Amino acid sequence: MSAVTSATSPSDAALRAGIDRSLRHPVMFFLTSGAAWLAVSILLAILASIKVHYPEFMDESACATYGRVFAAHLNTLIYGWGFQAAFGVMLWMMARMSRQECRSAGTILTAGHAWNLGVLLGTLGILAGEGTGMPWMEFPRFAWPVLLLSYVAIVVWSFIPLRVRAGDPSHVAQWYLLAAMVWFPWVFITANGLLHCTTGHPVMAAGINAWFKSALVFLFFIPVALGSAYYLAPKVTGRPIPSRSLARLGFWSLAVVAPWAGMQKLAGAPLPVFLPYVGAAATVLLAVPLATAALNILRTIFADDEKLPKSPALYFTLAGLFGVLLLAVAAIALNLPGSSLRFTQFSISGYGFDILALYGGFSFIMFGAVYFIVPRITCREWISSRLMNMHFFFSAYGIVAIAFGALFGGFIQGNAQEAWLQPWETVTEVVRPYAAVSTFAWCVILFSNIFFFIHLAMMWLGFGRRGTRPTLLDSVPAAAEPDPRPNEVA
């Protein structure tokens, strides 16, 4: 298949420049503040990991107990980094695909500050011992209305450009991004409304919480990641998405299957017996949409492998897609009822699965989007290719060590838990080596992300050479930016 060529007219270039200029401050605010929260989350992850293999560390401080620090680590990773990275990427991509400038940057920035205030107060509440104790929902009860109202104020301005867009056909990426925008309020309001605004049986509360965790991954973070990858791959390579049929299959199978997943974590609880089995079956079936979408995009990337080693946006996206494929395999391996599920249900494998989804899949694709978007909205090239390569390799090494260590160590831990005649200390001793590896790996990731934050902040401050072309790590001038919308499929 020949490369897609697209001449850029002066009027089209002016329109794109206007869109980028209108979104510069809100997008850079979300990306930079998200990167700062990511560094905070990694610091908390290091402290939590140290507490596993060295419990005496900072044991005189109540704020540094494992339960509080671990909860703060995950919630800052999700709401501090994950959502803000998604906000920045979605705002820019939706405006670009809708071909409409943003006219409400002030409103978006105000809502963004409110979101950060909610995350800050929620994190301080967790560390002060006021957390709810429900995984991924540990922020004190006052935080969720603040986050919800901020979300509505931010995301509604992504719908408005779509409503008034020119009459071009929608891009595949829009399917995923729009669906994520709609699914999240449904999931967030349902879970928080049932758990915070009504009274019910604690077992059902645990079931709702398990469903919320799964839905947040597969109905928000994964759709945002796949939508971004569907946009970035054709943009950078200039090649169309090979199969619109596979794109539809991946999208609709995710929409149908994902809402049923999550309850498998309550296997053996006093619930209707079919619920955990339905959840396990749905989680296993999620391998279909994940693999379908990832392989469809990978075919686009490998259609022009000359740009792959030169484009940071492309190789970060490629790594994220491999993370999505590994997530599909892990969904099968960890959730087979009657075999693997009994070993992984109460082990660190669940943490490995979460980190693989949030960092190995979602975050890597967000990093690729950041490296693609920032030069366009700042009109500057990235300052250092060495910093970008260092960010990639250290992050890849760290996340592989953490995810695989937790996934494999979880099976070992689960097997030790099954040996009920042995003392419980045997189980804790089994986990210690994997916790030590996790501590070192998080330190490596922190090292790379500190420089990522500095690099990003310097771009916002106007450092770097002038330029608006796609960032390629060579001296060959890049071609005019292709538009994938008319040629998104073969």
Under 20 Å Cα-Cα from LYS265, which lysines qualify once same-chain neighbours fewer than 8 residues away are excluded?
LYS213
Calculated [θ] (222 nm, deg cm²/dmol) that DSSP helices of n ≥ 4 give over the chain, each run adding -39,500 (n - 2.57):
-23000 deg cm²/dmol
Which order do the peptides 179-185, 323-329 come out in when sorted by mean C-beta neighbours inside 10 angstrom, highest first?
323-329, 179-185
Net charge near ILE222: determine it from the other residues with C-beta under 14 Å of the C-beta of ILE222, scoring Lys and Arg +1 and Asp and Glu -1.
0
Which value, in debye to the nearest 20, describes the size of the charge dipole of the chain about its Cα centre when Lys and Arg Cβ atoms bear +1, Asp and Glu Cβ atoms bear -1, and nothing else is charged?
1260 debye
Taking 8 Å as the Cα distance limit and 6 or more residues as the minimum spacing, I'd like the relative contact order of the range 23-460 as a percentage.
17 percent
So the angle from the long Cα axis of helix 66-75 to the longest Cα principal axis of the chain, reported in degrees to the nearest 10, equals 20 degrees
Can you give the local net charge around ALA416? Use residues other than it whose beta-carbon is closer than 11 angstrom to its beta-carbon, Lys and Arg +1, Asp and Glu -1.
-3
Could you pull out every one of the lysines with an alpha carbon less than 30 Å from that of LYS310, ignoring same-chain neighbours closer than 8 positions?
LYS235
Enumerate the amide H contacts of ARG380 below 5 Å, restricted to partners 5 or more residues apart or on another chain; note that Pro and chain-start residues carry no placed amide H.
GLY467
Whole-Hz Karplus ³J(HN,Hα) for the range 35-40, in order, using 6.51 cos²θ - 1.76 cosθ + 1.60 and θ = phi - 60°, x for Gly and Pro?
5, 5, 5, 5, 4, 4
Run the numbers for LEU109 and VAL278: contour at 0.36 nm per residue of separation, minus the present Cα-Cα distance, in nm.
56.7 nm
For the chain, the longest principal axis of the Cα atoms and the Cα long axis of helix 244-257 enclose an angle in degrees, to the nearest 10, of 30 degrees
Protection proxy ranking, peptides 273-281, 374-382, average beta carbon neighbours within 10 Å, highest first
374-382, 273-281
Angle check, please: helix 143-163 long axis (alpha carbons) against the longest principal axis of the chain (alpha carbons), in degrees 0 to 90, nearest 10.
30 degrees
What ranking, highest mean first, results for peptides 332-339, 387-394, 308-315 when packing means the other Cβ atoms within 10 Å averaged over each residue?
308-315, 387-394, 332-339
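Here, each number is a calculation from the coordinates, and none is a lab measurement. Because the structure is a prediction, the values reported are computed rather than measured. As a convention, Cβ positions derive from the backbone with ideal geometry for all residues, glycine included, and neighbour counts pool all protein chains shown.
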